[in-house]
Amino acid sequence: MDRRSKHLSSEERGVIFAEHSRGSSQRAIGELLTRPASTICRELARGRRDDGTCCPQAARRVYDVRRTRCRRPRKLVEGGEIHRFVHDHLVHRRWSPVGQRPELAECGPTFQSDQLPCA
C-alpha cells in the first residue's frame, strides 16, 4: 500500500513516541511503521517540549494548527454574508436552486420549501 500521501494516525504517533523513548533510531521507527525517517523526524520535532521530552498530543495539536492554515477558506460559513444571503433566499423568499440552475432538477430529489435542510 502506498502511504506517501497518508497522514499519521494516533496509534502511529503513539508508536513513534514509545519507540523514541525506548531509544530506537528514527530510521528503525520508520521501518517499523513503513514510513520515511524524515516523517519520524518531523513528528518528533512537532512534539518536542521545552524541557526536551516529546509528547504525541502536542505533536497532534501543532499538526492540526498547520493543517487548518493550508486549507482553502470555506465559502458558505454559517453566519457569513453568503450564508445569510442563501438562507434568506431559500427560506424567506422561497427561492429555488432549480429555478436558478435548471440542470439541478436532473441531479436528484427536490425539496419543498418547508423541507429544506438548512431551514
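Every number in this text was worked out from the coordinates using simple rules, so none of it is lab data. On a predicted model such as this, the values are computed, not experimentally measured, just so you know. Virtual Cβ from ideal backbone geometry, glycine too; neighbours counted across all protein chains shown.
HN-Hα J couplings of the stretch 80-95 from phi, Karplus 6.51/-1.76/1.60, θ = phi - 60°, integer Hz, Gly and Pro as x?
Running phi through 6.51 cos²θ - 1.76 cosθ + 1.60 with θ = phi - 60° gives x, 5, 5, 4, 4, 4, 5, 4, 4, 6, 6, 8, 7, 9, 6, 6 Hz.
How many nm separate the modelled label positions at His83 and Ser38, each set 7 Å beyond the Cα in the direction of the Cβ?
Rounded to a tenth, the inter-label distance reads 3.8 nm.
So what J values fall out for the stretch 24-32 if you push phi through Karplus, 6.51 cos²θ - 1.76 cosθ + 1.60 with θ = phi - 60°, rounded to Hz, Gly and Pro as x?
Each residue's phi maps through the Karplus curve to give 5, 6, 5, 5, 5, 5, x, 5, 4 Hz.
Whose amide H sits under 5 Å from the amide H of Arg48, counting only residues 5 or more places off or on another chain, with H placed in the peptide plane?
For Arg48, whose amide H was placed from the backbone, the distant partners under 5 Å are Cys55.
Using a 7 Å offset from the Cα along the Cα-to-Cβ direction at both Ser96 and Thr68, what is the distance between the two label points in nm, to one decimal?
That separation, rounded to one decimal, is 4.1 nm.
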